[in-house]
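Scroll down for the structure; my scribbles are underneath it.
The values are calculated or read from the model by the stated rules, or taken from the named source; none is laboratory data. These numbers come from a predicted model, not from an experiment. Cβ: placed from backbone, ideal geometry, glycine included. Neighbour counts: every protein chain shown.
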Amino acid sequence: MVGTNDKRVFDMKNRHILFAVAGLLSLAACDKGGFQGPDRSMYDVVETMTLEASAQDVVLDAEEVDKVALTFTWTPAREMPDDYLVTYVTFLDVEGNDFSNAVRQVVDDGVFTKEYTTQELQNLLVEKWNKNYSRAVNMQFKVIAKWEGGEKYVMPEVRTIDFSVRPFRPLTFDADRIFLSGDAMTGTTRKPMGKTPESDYIYAEEVYLRAGEMTIPIEYQGMTSYICPADGSVEVPDNDQVDSKPAGTQYNAVVKELKADATLPAWNIPVEGYWRVIIDIENKTVKFFSPKNRLEPLTVEFAYEGRDPASWILTKTLLAGNYYINSMTGWDSWKGKAFPFVVSKVDPMILIWSGASFNMTDALCVKVAQGPAEVDNIRAGEGTGGEDPVKNGAGMKFISKVLAFVPASEPGVAATADMELKMGEWMNTVTVVSNRKWKPASTVKISRITIDARNNKIRFD
C-alpha cells in the first residue's frame with residue numbers, strides 16, 4: 001500500500017513526467033508549425049490527407065501562357081470536433097531550398113486544389129529563382145493542414161510532392177541570322193537575309209520568287225524559330241502599281257517554334273517575279289513589295305541652274321559606288337574625297353555612306369559624278385542645246401558645276417546662298433548643277449551620310 005506521503009510524492013513525480021512529455025511534444029509541435037502551449041494534451045495522430053500532381057514532368061509552352069500548366073489536388077485532413085478550425089497552406093519552391101524561398105499561400109475554406117498557369121511558373125522560375133530557360137528544374141510542392149481552437153493540440157498534416165518544370169525560352173525577334181525559305185524560293189531553298197546599312201534592326205532582300213509558300217527561319221543563340229504572320233497563313237497580294245511609291249503590304253508578325261506535328265503558318269506568294277521582303281525586328285513587322293510595285297533605282301533629272309530647264313536637263317541613274325564630297329570653298333576644279341555609297345535594300349532610292357568619321361569645317365555638297373572621266377557621260381545625250389557648256393565651251397565649264405545634291409532654297413533666301421548644315425536632322429535637297437552648299441556653324445564630325453532621293457532629303461550624322 002502506498003502511504004499518503006508516498007502517494008503525494010508519486011503524484012508529484014508523475015506530474016513532473018507528464019509536464020516533461022507535454023513539453024517535448026510541444027517543442028515538436030513548434031517545429032511543425034502547430035505550437036499550442038505546454039499545458040495542453042494532444043490528440044492521437046491519425047492522418048488521412050493525400051496529395052497528387054496533374055503531371056510529374058512539365059514543359060511550359062510559350063504559345064499558351066494563360067493555360068493551366070500544373071494542378072495539385074489533396075484530400076481533406078482528418079475530421080476534428082466542431083470547435084476546431086482547419087486551414088490549408090501551400091508552399092512552392094525549388095528542390096534543395098527546404099522551402100526557405102518558397103511561395104506561400106493560404107487556401108480558401110473548402111478548396112482542395114492549387115493551380116499554376118504557364119506564365120506564373122515561367123515568371124517564378126526565371127525572375128524569382130533565376131533559372132535557365134533551357135533546363136528542367138526539380139521542384140517541390142507542400143500542403144499543410146493546421147488546426148486552431150479546441151482544448152487539445154492537434155498535430156498538423158503535411159504532404160510534399162516532387163516534380164520538374166522546364167521554362168520556355170522567350171521567342172523574341174532577336175536574331176543572329178534570318179533566312180528566306182520554302183517552296184517559293186528559286187535557285188536555293190534557304191537564302192540568308194542581310195541587315196540594311198541604315199539600321200541593325202531591319203533586314204531586307206529582293207529575291208525572285210515563284211508562286212508558293214515562303215517561311216522565314218530566324219536563328220538566335222543556337223535555337224531556330226520562325227517569323228510568321230500574326231493571324232495565321234497570309235496571302236500576300238500582288239498589288240496594283242501605285243503612283244506614290246513605296247507602297248508595299250505590311251503585316252504584324254510573331255515568332256513561333258516549329259512543333260514536330262505542327263503546320264507552320266506561312267506567307268503565300270501568289271505570282272512569280274521579283275519580291276522585296278523587309279523585316280523590322282524592332283517593330284515586329286514584315287513588308288512585301290510585289291512585282292507590280294518593284295522599287296527601281298532613281299534616274300535623277302538635274303536642271304542646270306540659271307538655264308532654261310527645257311533645254312538643259314541632265315540625267316543620272318543613282319547606283320552604288322563612289323560619290324564625292326566637295327569640301328572646297330572654290331569650285332574651279334574637280335577635287336574632293338571619294339566616298340563609297342551603297343544602295344539601301346529597303347529602297348534603292350536611298351544611298352548611304354558610313355565609315356570612319358571626318359571633320360568638316362568648310363561648306364560641302366555631294367557630287368553625283370563618280371570621277372572626272374564620267375563627266376562627259378552624265379549628259380542626257382547629244383543635242384542638249386546650244387548652251388551646252390561641255391560641247392560648245394560656252395559659259396562655265398561643266399566640270400566646275402557638277403551634278404550634285406545641294407540645299408533646297410528656302411522662302412526669302414537667294415537660290416545661290418549656302419544653307420546651314422544641321423547635324424542629325426533631315427534637310428531638304430535638290431539635284432541641280434549648282435554652286436550651292438551646306439555650311440556648318442562650326443567644325444562637325446561626320447560618320448554617316450544618308451541621301452533619300454525619293455523624298456529629296458539628306459542627313460549628316
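Determine, yes or no, whether Asp200 is in a loop (DSSP other than H, G, I, E, B), modelled with pLDDT under 85 and either within 30 Å of Asp461 (Cβ to Cβ) or over 17 Å from the mean Cα position of the chain (by Cα) (or both). In short, no. Only residues that are crowded, with 16+ Cβ neighbours inside 10 Å and within 14 Å of Ile161 (Cα to Cα) were counted in segment 103-136, giving 1. When we screen Gly96, Gly150 for residues that are touching a Pro at 6+ places or on another chain (Cβ under 9 Å), among the small types (Gly, Ala, Ser) and surrounded by fewer than 18 Cβ atoms within 10 Å (Cβ to Cβ), the only hit is Gly150.
Could you look through segment 200-236, keep only residues that are surrounded by fewer than 13 Cβ atoms within 10 Å (Cβ to Cβ) and touching a Pro at 6+ places or on another chain (Cβ under 9 Å), and pick out the one that is farthest from Trp267 (Cα to Cα)? For segment 200-236, the residue satisfying everything is Thr224.
Yes or no, residue by residue, for (1) in a strand (DSSP E or B); (2) under 18 Å from Gln56 (Cα atoms):
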| site | (1), (2) |
| --- | --- |
| Asn123 | no, no |
| Glu127 | no, no |
| Asn130 | no, no |
| Val143 | yes, yes |
| Trp147 | yes, no |
| Val158 | yes, no |
| Asp162 | yes, yes |
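Pairs meeting the criteria (first residue in segment 347-376 and in the same structural domain as Thr450 (by TED's automatic domain parsing), second residue exposed (fewer than 13 other Cβ atoms within 10 Å of the Cβ) and at pLDDT below 80, beta carbons under 6 Å, at least 6 apart or on different chains) are Asp362/Thr329. From the list Lys128, Lys146, Lys114, Lys152, the lone residue that is farther than 30 Å from Asp82 by Cβ and not aliphatic (A, V, I, L, M) is Lys128.
There is no residue in segment 86-93 that is charged (D, E, K, R) and either not in a strand (DSSP E or B) or not assigned by TED's automatic domain parsing to the domain that holds Thr118 (or both). If you check Leu298, Leu319, Leu264, Leu314 for being of a type in the set (A, V, I, L, M), over 25 Å from Ala247 (Cβ atoms) and modelled with pLDDT under 75, only one passes: Leu314. Is segment 183-190 home to any residue that is touching a helix residue (DSSP H, G or I) at 6+ places or on another chain (Cβ under 8 Å) and modelled with pLDDT under 90? No; the residues of segment 183-190 include none that is touching a helix residue (DSSP H, G or I) at 6+ places or on another chain (Cβ under 8 Å) and modelled with pLDDT under 90.
I'd like the full set of residues that are of a type in the set (A, V, I, L, M, F, W, C) and modelled with pLDDT of 85 or more, limited to segment 352-363.
Quick first cut of segment 352-363, residues of a type in the set (A, V, I, L, M, F, W, C) only: 352-353, 356, 358, 360, 363.
Within segment 352-363, Ile352, Trp353 qualify.
Every condition in (1) part of a loop (DSSP other than H, G, I, E, B); (2) not assigned by TED's automatic domain parsing to the domain that holds Val107 holds for Glu151 except the one numbered (2).
Counting just the residues of segment 60-72 that are aliphatic (A, V, I, L, M) and at pLDDT below 90, which one comes out surrounded by the most Cβ atoms within 10 Å (Cβ to Cβ)?
Taking segment 60-72 and keeping what is aliphatic (A, V, I, L, M), we get 60, 62, 65, 68-70.
This time we only want the ones that are at pLDDT below 90, so: 60, 62, 65.
Numbers: Leu60: 22, Ala62: 17, Val65: 16.
Among those that are aliphatic (A, V, I, L, M) and at pLDDT below 90, it is Leu60.
Considering only segment 32-39, I want to know if a residue exists there that is loosely packed, with under 13 Cβ neighbours inside 10 Å, of a type in the set (D, E, K, R) and modelled with pLDDT under 50. Yes - at least one qualifying residue is present in segment 32-39.
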